[in-house]
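Structure first, then comments.
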Ligand code: PGA
């Protein structure tokens, strides 16, 4: 497989509500030690808010970047329990996961609300990792294209990007998240290609060729190679397998082998 010269592979660890600040530093240090000096794959760690500051110190001076798992789309104010883009920026956060299916289902976030967050992220110099994906029911009913296109349309309404690498799309079929049942490489490629064609129409051919589309949903060392070799799969958003340094490092190494 030849290296993708246009899009640098992106491997993101979504730690969800796991790891205390102390545990997070240990995990981050192990990852930095193993893959923090290479520059062929972008590695991003997204710890919970409470560990951002300590993980920022652990990745300082390395090529590992810091991401957040959410933000609130306002500068400041009476929003108990929420975190603003400014607060994230000050902690050296550069990426932010938005519209994750757990936020959509458990916290009832709509496409319109996710759209406000994407605007807020970009206006504050943060790179959104916008998650889209169909539920099992929608998948079985043959509605995945329709559902994903509607999510893209509504979540990216009014969005312009000054640089194509400032926006990342994550395809995360809801039925694959945390279930151990990943999308087949063929399904992932089919959906990623559909998303890229949508991006051509929405932005431009040049931008669509440069915006990274990563896959998420039970991505593990065992299936990383077959998923990451798909031509429109530009990396991964990893949950369970990102909680242990060995498995996460193996996935980064899979991505690295594809650039050799
Ligand atoms: P998983 O989670 O790798 O545990 O399936 C992926 C995600 O939710 O981002």
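Read-outs throughout are calculated quantities, based only on the coordinates presented, and are distinct from any laboratory measurement. As the structure is a computational prediction, the values presented were derived from the model and not from experiment. Reconstructed Cβ throughout: ideal geometry from the backbone, glycine too, with neighbour counts over all protein chains shown.
Data for the structure
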{"read-out": "Cα centroid of the range 205-260 to Cα centroid of the range 25-99, whole Å", "value": "19"}
{"read-out": "Extended-chain gain in nm, criterion 0.36 nm per residue less alpha-carbon gap, residue 200 and residue 57", "value": "47.6 nm"}
{"read-out": "Helix-only mean residue ellipticity at 222 nm for the chain, each DSSP H run of n ≥ 4 adding -39500 (n - 2.57), per residue, nearest 500", "value": "-13000 deg cm²/dmol"}
{"read-out": "Packing-based order for 27-38, 212-223, using average beta carbon neighbours within 10 Å, highest first", "value": "212-223, 27-38"}
{"read-out": "Prolate/oblate/rounded call for the chain, Cα gyration tensor, a/c under 1.5 rounded", "value": "rounded"}
{"read-out": "For the range 137-260: rounded, prolate or oblate by the Cα gyration tensor [a/c cutoff 1.5]", "value": "oblate"}
{"read-out": "For the range 110-208, alpha-carbon Rg over 2.2 N^0.38 Å", "value": "1.08"}
{"read-out": "Cβ-based exposure ranking for 169, 177, in which fewest neighbours within 10 Å come first", "value": "177, 169"}
{"read-out": "Cα-projected label distance for residue 157 with residue 193, points at 7 Å along beta-carbon direction, nm", "value": "3.1"}
{"read-out": "FRET efficiency estimate (nearest 0.05) - Cβ-Cβ, residue 26 to residue 92, R0 22 angstrom", "value": "0.70"}
{"read-out": "Förster-model FRET efficiency, 41 Å R0, residue 112 and residue 37, C-beta, rounded to 0.05", "value": "0.45"}
{"read-out": "Residue 82-residue 184 pseudo-label distance in nm [points 7 Å out on the Cα-to-Cβ vector]", "value": "4.3"}
{"read-out": "Length gained when the stretch residue 137-residue 260 is fully extended (0.36 nm per residue, less Cα-Cα span)", "value": "40.3 nm"}
{"read-out": "Ranked list, fewest to most other Cβ atoms within 10 Å of each Cβ, for 153, 134", "value": "153, 134"}
{"read-out": "Residue order, fewest to most surrounding Cβ atoms within 10 angstrom, among 171, 72, 95", "value": "72, 95, 171"}
{"read-out": "Gain in span if fully extended, residue 74 to residue 105, counting 0.36 nm per residue against the direct Cα distance", "value": "9.0 nm"}
{"read-out": "Relative intensity, log₁₀ I(q)/I(0), of the range 1-59 from a Debye sum that treats every alpha carbon as a point, q = 0.18, 0.25 Å⁻¹", "value": "-0.63, -1.00"}
{"read-out": "q = 0.15 Å⁻¹: log10 I(q)/I(0) that the Debye formula gives for the range 52-158, counting C-alpha atoms only", "value": "-0.67"}
